[in-house]
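The values are calculated or read from the model by the stated rules, or taken from the named source; none is laboratory data. The structure displayed is predicted, hence computed values, not measured ones. No Cβ is skipped: glycine too gets one built from the backbone with ideal geometry, and neighbour counts run over all protein chains shown. Ligands, DNA and RNA are stripped out before the accessible areas are found, and what is left, the full protein with its side chains, is counted by its heavy atoms. Shrake-Rupley method; radii C 1.70, N 1.55, O 1.52, S 1.80 Å.
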Amino acid sequence: MKRSWNFYAGPATLPLPALERAKAEIPDWEGTGMSVMETSHRSKEYDVVHFGAMKLLGDLLGLDDDHQVLFLQGGASLQFAMVPFNFIPKGGSADYVNTGTWSAKALKEAKIIASGREAATGEPTSFTAIPPFASWDLDPAAAYVHITSNNTIRGTQYHSFPDVGSTPLVADMSSDFLWRPFDANRFSLIYAGAQKNIGPSGVTIVIISKSWLARANQGLPTMLAYKTHADKDSLYNTPPTFAIYMVRNVLDWVVEQGGLAAMEARNRAKGDRLYDVIAAHPDFYRCPVEPASRSYMNVVWRLPTEELEKKFVAEALAAGMCGLKGHRSVGGCRASIYNAMPLEGVEFLADFMTRFAAANR
Ligand SMILES: *Cc1c(COP(=O)(O)O)cnc(C)c1O
C-alpha cells in the first residue's frame with residue numbers, strides 16, 4: 001500500500017487509523033455480522049456510535065448544558081439557508097462579515113430568505129486579511145452576526161473571535177473546526193461540513209444553543225427546522241450513519257493524539273514550516289495573505305509565473321503529492337494541511353519547495 005500525501009481542500013485526507021478501523025469493521029462490525037452501513041439507525045449498536053460521537057465532541061469542546069450537537073445533511077451550503085430561515089424574525093436582518101467566497105454565499109442566502117447586511121468586508125484588500133474588529137459596522141438589532149472562521153479559498157483565518165456583545169454569534173467553521181481548543185460556548189450556532197477536518201462528506205456538524213433555539217421562527221418545513229433535529233437527537237429521519245461512524249473514528253483518534261491542544265501544536269508546527277519556506281525564498285514564493293490573518297489549515301502562495309505554478313503542481317504530483325493547485329477562482333498554489341496531515345507530509349512538501357525553487361529560479 002502506498003498512501004499519497006494528500007493536500008486536497010475537501011474532501012481531504014483522513015487519519016490512517018480511522019480508515020484502518022473502518023476497513024477492519026466493514027465485513028463484521030462488533031460481532032453483528034454486518035457493517036455499520038447495513039444496520040438500522042434505530043439499533044442499539046448504532047446508538048453507541050451516534051451518541052458516542054456526540055459525547056466525544058461535547059467533551060473535546062467542553063460544551064455546557066445549553067449547547068447541543070446535531071448531525072445534519074445538505075452540507076455547510078444548506079446551513080447558509082437554515083440559519084437565516086430559523087433565526088431572522090419577520091422584518092429582521094442579520095449581519096455578515098464577508099471574508100471571501102463562502103461568507104458571500106452565506107449572505108446571499110440570508111438575502112433570499114429575509115434580509116442580510118454586510119457589516120464588514122475584506123474586499124478592499126482583496127480578501128488578504130480579516131477586517132479588523134474595530135472597523136465592523138454592527139447593527140445592534142441584528143438577529144445574529146455571522147462569520148466564517150477560516151477561508152478555505154483565500155487562506156485567511158480568524159486568530160481570535162470578536163466580542164459582539166449580546167448579539168448571537170454564528171460561525172461557519174467548515175474548514176478549521178477542531179484545529180485547536182476554543183470556547184465553543186460563546187457561539188449561539190456553529191456549523192461545519194465534516195469533509196475538511198473531521199470526516200467524510202455527507203454529515204454536517206451543528207452545535208446550537210438550546211436557549212437560542214427556543215426563540216427560533218415557528219412554522220418552518222419540518223426538515224428545515226433545527227428544532228426537529230434537536231428534539232429527536234438527529235434521529236428524526238435516517239441520518240448519514242456511515243459518515244457519522246467515520247466522524248466517531250476520527251474523534252477517537254483526536255482524543256488518542258492528546259485532544260485539541262495536541263492538534264494545535266501539530267497544526268502550528270506544520271503551518272509555520274510552510275510559511276517559513278515561503279519566506280526563505282522571497283524572490284520565488286510569495287504568500288498574498290497578511291501575516292496576522294494567515295491560515296494554519298489552508299496555506300496559499302504564488303510563484304513568479306502561472307507557467308511555473310503549473311509545473312510546480314505537476315512535478316509535485318509526480319513526486320507523490322496531490323491537491324496543491326489553488327482554487328480555480330484565485331489560482332496559485334494551496335496546501336490544505338488539516339488535522340489529519342502529519343508533519344512528515346508537510347516536511348516532504350517543504351523540502352520539495354526548496355528544491356523546486358533552486359532548480360527553477
Ligand atoms: C467547503 C466549505 C463550504 C461548503 O461546504 P459544503 O459541505 O460543500 O456545502 C462552506 N464553507 C466553508 C468555509 C467551506 O470551506
* Are any residues in segment 1-48 within 16 Å of the ligand (Cβ to nearest atom) and open to solvent by 70 Å² or more (accessible area, probe 1.4 Å), and if so, which ones? -> Y8, P11
* Does segment 206-218 include one or more residues that are at pLDDT 95 or above and within 30 Å of F7 (Cα to Cα)? -> yes
* To do: Please indicate, with yes or no, whether at least one residue in segment 210-221 is within 16 Å of the ligand (Cβ to nearest atom) and aliphatic (A, V, I, L, M).
  => no
* To do: Output the residues belonging to segment 93-106 that are more than 20 Å from L224 (Cβ to Cβ) and more than 16 Å from the ligand (Cβ to nearest atom).
  => D95
* To do: Report, by residue number, each residue of segment 343-359 that is over 15 Å from A280 (Cβ atoms) and either of a type in the set (K, R) or open to solvent by 70 Å² or more (accessible area, probe 1.4 Å) (or both).
  => L343, E344, F348, A359
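Suppose we keep only residues that are of a type in the set (V, I, T) and over 21 Å from L189 (Cα atoms) within segment 219-252. Which one would you say is least open to solvent (accessible area, probe 1.4 Å)?
V250
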* Asked: Any residue in segment 168-177 that is near the ligand (Cβ under 9 Å from one of its atoms), more than 22 Å from L324 (Cα to Cα) and of a type in the set (D, E, K, R)?
  -> yes
* Would you mind finding the one in L78, L16, L72 that is over 30 Å from I113 (Cβ atoms) and not aromatic (F, W, Y)? => L16
* Scanning segment 73-92 for residues that are more than 11 Å from the ligand (Cβ to nearest atom) and aromatic (F, W, Y), which turns out surrounded by the most Cβ atoms within 10 Å (Cβ to Cβ)? -> F87
* To do: Please verify whether segment 107-120 includes one or more residues that are under 22 Å from N298 (Cα atoms) and either among the aromatic types (F, W, Y) or within 12 Å of the ligand (Cβ to nearest atom) (or both).
  => no
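Using the structure shown, decide if V164 is within 15 Å of the ligand (Cβ to nearest atom) and among the hydrophobic types (A, V, I, L, M, F, W, C).
So V164 does not fit the description; no.
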* To do: List every residue pair whose Cβ atoms lie under 7 Å apart, where the two residues are 6 or more positions apart in sequence or sit on different chains, the first residue falls within segment 57-85 and is of a type in the set (D, E, K, R), and the second residue, located anywhere, is at pLDDT below 95 and within 16 Å of the ligand (Cβ to nearest atom).
  => none
* **Conditions (1) more than 12 Å from the ligand (Cβ to nearest atom); (2) out of contact with any His (no Cβ under 8 Å at 6 or more places or on another chain); (3) not in a helix (DSSP H, G or I); number of the one not met by Y236** => (2)
* To do: Scan segment 305-315 residue by residue and report those that are surrounded by 14 or more Cβ atoms within 10 Å (Cβ to Cβ) and either touching a Cys at 6+ places or on another chain (Cβ under 8 Å) or part of a loop (DSSP other than H, G, I, E, B) (or both).
  => E309, F312, V313
